[in-house]
Each structure stands twice: as C-alpha cells, then as structure tokens.
Amino acid sequence: MTPEPTPLCEILAGHDGTLGPLLPILHEVQARYGYVSEQAIEEIALHLNLSRAEVSGVVGFYHDFRRTPDQRPALKLCRAEACQARGSEELAAVAERLGAGRVRIETVYCLGLCSVGPAAMIDEQVHARLNRSTLATLLEQRA
C-alpha cells in the first residue's frame, strides 16, 4: 500500500514541468503553512535539484517569506509614493505603537489603491482612506 502524499509533496508535484517553479512553490508553502521551514527548504531543494543554500538564499532575500511561524495578524501598510503623500508614514508610526507586538506590521509598495490612500490590507481585506482613528479601530478589531 502506497502512503498518502504529504501536502508539501502535493505542492511540489503541482509545479512539475513548469519553468521557474521555485518562487511559486515558496509562495504556496508560505500560504499553506504560514512560513517556510528548514525541512521544507531541504525538500524543495532536493525536488528541484538545487542546493539548500540556493533555496535558503531566495527565502532570505524576499521579505514575504518567514522562516518561523507567526500567528499574529499581518497589517500590510502601503508606503508607496501616493500613500506617503497622504500620510502613510505617520500611520506606520501609529501602527507600531498601537499594534505593540500583537500585530505584525509589514510594508508593501502599492496595493493598487493610490487614489484612495493611505491604504492597508489585513486578513486579505483592503482598507482605504485610513487615518489615525480608522487605523486604531482596525487594529483593535484584529489584535
């Protein structure tokens, strides 16, 4: 009897035959598990005939990938030029203060809401026209 494949094996098999599969695999692993473990790095490297250092280097280079689990909700705050012009830098300071370790603050450069910025995304929902008050409410609801 053949053992049932693990979810990581399913992810890897789903990308067989595609060109440049490393980043899509890493994104899928991150989405499924919330981080890319050392074991996953080793299995991905073996499957793609890469060294662990090559895979680990890609994981370390891109800020979207985490090596350890983090259960806190992530607030992705846009800090592109249009949102900066509308006060996202001030909101970043507010978010750091109000989140106080309960929310992971991540910087993104454009959520596609330039005309209604400053904008942020949390729990896959986008929020526009943020100010101190609306950001505080948003953080209180999620933290």
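Quick rundown of the values:
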item	result
Rounded accessible area of Ser115 (nearest 10 Å², 1.4 Å probe)	100
Exposure rank, largest accessible area first [Tyr109, Tyr62, Tyr35; 1.4 Å]	Tyr109, Tyr62, Tyr35
Order by protection proxy (mean Cβ within 10 Å, highest first), peptides 42-48, 64-70	42-48, 64-70
Per DSSP, loop GluC sites (Glu not before Pro) in the stretch 73-143 with at most 12 further Cβ within 10 Å	Glu124
Mean separation of Cα contacts under 8 Å (6+ apart) over length of the stretch 5-61, as relative contact order %	28
Label-point separation in nm, Ser51 to Leu23, each point 7 Å along Cα→Cβ	2.2
Convex hull of Cα atoms in the chain, direction-averaged projection (nm²)	10.6
For the stretch 74-142, convex hull volume per residue from C-alpha positions, Å³	66
Cysteines having no other Cys beta carbon under 4.7 Å from their own, within the chain	Cys9, Cys110, Cys114
The stretch 91-121 residues near the modelled Asp70 label - backbone nitrogen below 13 Å, point 7 Å along Cα→Cβ	96, 100-108
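The values are calculated or read from the model by the stated rules, or taken from the named source; none is laboratory data. Computed from a predicted structure; not experimentally measured. Cβ atoms come from the backbone with ideal geometry, glycine included; neighbour counts cover every protein chain shown. We work out accessible area using only protein heavy atoms, side chains counted, and drop any ligands, DNA or RNA first. Shrake-Rupley method; radii C 1.70, N 1.55, O 1.52, S 1.80 Å.
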